[in-house]
1. Say whether the condition of being buried (at least 17 other Cβ atoms within 10 Å of the Cβ), touching a residue at least 12 places away in the same chain (Cβ under 8 Å), near the ligand (Cβ under 9 Å from one of its atoms) and more than 26 Å from residue 76 (Cα to Cα) is met by at least one residue in segment 133-143.
2. Quick one: in segment 77-117, of everything that is under 25 Å from residue 54 (Cβ atoms) and charged (D, E, K, R), which residue is nearest to the chain's Cα centre (by Cα)?
3. Taking segment 30-62, which residues are open to solvent by less than 20 Å² (accessible area, probe 1.4 Å) and β-branched (Val, Ile, Thr)?
4. Can you name the condition, by its number, that residue 83 falls short on among (1) part of a loop (DSSP other than H, G, I, E, B); (2) open to solvent by less than 20 Å² (accessible area, probe 1.4 Å); (3) within 28 Å of residue 119 (Cα to Cα)?
5. Could you tell me whether residue 147 is away from the ligand (no atom under 14 Å from the Cβ) and either of a type outside the set (Phe, Trp, Tyr) or in contact with a helix residue (DSSP H, G or I) (Cβ under 6 Å, 6 or more places away or on another chain) (or both)?
6. Take segment 169-196 and flag every residue that is out of contact with any helix residue (DSSP H, G or I) (no Cβ under 8 Å at 6 or more places or on another chain) and closer than 24 Å to residue 121 by Cβ.
7. Somewhere in segment 104-113, is a residue of a type outside the set (Asp, Glu), more than 13 Å from the ligand (Cβ to nearest atom) and under 18 Å from residue 64 (Cα atoms)?
8. Do we find a residue being of a type in the set (A, V, I, L, M, F, W, C), open to solvent by 30 Å² or more (accessible area, probe 1.4 Å), within 24 Å of residue 157 (Cα to Cα) and part of a helix (DSSP H, G or I) anywhere in segment 14-29?
Amino acid sequence: MRILLIGATGTLGSAVGSALAQRGHDLVTVGRTAGDLRFDVARPDDVGRLYEAAGAVDAVVCAAGDVPFKPIEEMTADDYRAGFEGKVLAQVELVRQGLAHVPERGSFTLITGVLAREPIVSGTAASMANGAVEAFVRAAAVEIAPRRVNAVSPSVFTESLDAYGDAFSGFPPVDLADVAQAFVRSVEGPETGRVFVL
Ligand SMILES: NC(=O)c1ccc[n+]([C@@H]2O[C@H](COP(=O)([O-])OP(=O)(O)OC[C@H]3O[C@@H](n4cnc5c(N)ncnc54)[C@H](OP(=O)(O)O)[C@@H]3O)[C@@H](O)[C@H]2O)c1
């Protein structure tokens with residue numbers, strides 16, 4: 001398949017890209033500062049330009065999604081708006097605008113995370129965003145069939161413990177190789193409306 005991979009140079013995107021390439025797929029990589037195509041998917045106009053530039057793709061995989069982490073007393077309305085645009089609206093627009101570019105048997109695989117289910121201090125925007133994307137996936141799947149949409153919702157990555165381990169004290173981590181296989185399952189399998197929890 002020809003697959004559009006957003007966030008391809010990141011921690012998660014690198015692992016997902018490797019796993020998809022090993023399965024023989026052709027990747028079109030996307031980021032704001034690196035990749036085959038450079039677009040900011042938090043901007044709806046950029047999502048449209050991205051699809052025009054990418055041409056025909058069989059699947060869309062998102063491994064990007066920025067949200068601010070701060071104690072709630074320090075959060076502003078703009079912080080929540082940035083979290084919404086960076087992780088929710090970006091992925092919603094990839095699906096909504098992608099319907100015109102992805103074939104009937106195509107798929108979308110989005111990224112959420114454990115904070116949809118389990119709170120951490122300073123994680124309210126991430127929890128909001130992850131929960132919203134998971135609810136969107138379940139609802140959108142009903143309307144976009146036979147196209148499919150799923151989310152992958154992992155715990156903190158083993159490979160990210162040095163960076164985020166203190167915030168996720170006591171959380172069982174998950175290896176990136178296992179997270180990447182959930183993306184492969186979503187892209188290649190028949191399932192839709194699923195949230196793959198790891
Ligand atoms: N790290 C963890 O332990 C963990 C656990 C569970 C879930 N997650 C989720 O997984 C996702 C990726 O995390 P990560 O640790 O891999 O992050 P990362 O290493 O910072 O990588 C993010 C990637 O996405 C790209 N990107 C970010 N915003 C973008 C935008 N608006 N438009 C286009 N490209 C964009 C970045 O490239 P540019 O900067 O060049 O745009 C980069 O390639 C996040 O949503 C995160 O919440 C992470």
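1. no
2. Across segment 77-117, the extreme among qualifying residues is 87.
3. 30, 41, 47, 57, 60, 61
4. Here residue 83 clears every test but (1).
5. Details: away from the ligand (no atom under 14 Å from the Cβ): yes; either of a type outside the set (Phe, Trp, Tyr) or in contact with a helix residue (DSSP H, G or I) (Cβ under 6 Å, 6 or more places away or on another chain) (or both): yes.
Here the answer is yes, as residue 147 does meet what is asked.
6. 169, 170, 172
7. The first filter runs over segment 104-113 and keeps only residues of a type outside the set (Asp, Glu), leaving 105-113.
Okay, now just the ones that are also more than 13 Å from the ligand (Cβ to nearest atom), so 105-108.
This time we only want the ones that are under 18 Å from residue 64 (Cα atoms), so: 107-108.
Yes, because at least one residue in segment 104-113 is of a type outside the set (Asp, Glu), more than 13 Å from the ligand (Cβ to nearest atom) and under 18 Å from residue 64 (Cα atoms).
8. Within segment 14-29, one or more residues are of a type in the set (A, V, I, L, M, F, W, C), open to solvent by 30 Å² or more (accessible area, probe 1.4 Å), within 24 Å of residue 157 (Cα to Cα) and part of a helix (DSSP H, G or I).
The values are calculated or read from the model by the stated rules, or taken from the named source; none is laboratory data. Since this is a predicted model, take the numbers as computed values, not measurements. Virtual Cβ from ideal backbone geometry, glycine too; neighbours counted across all protein chains shown. Ligands, DNA and RNA are excluded from the accessible area calculation, which covers all protein heavy atoms including side chains. Shrake-Rupley method; radii C 1.70, N 1.55, O 1.52, S 1.80 Å.
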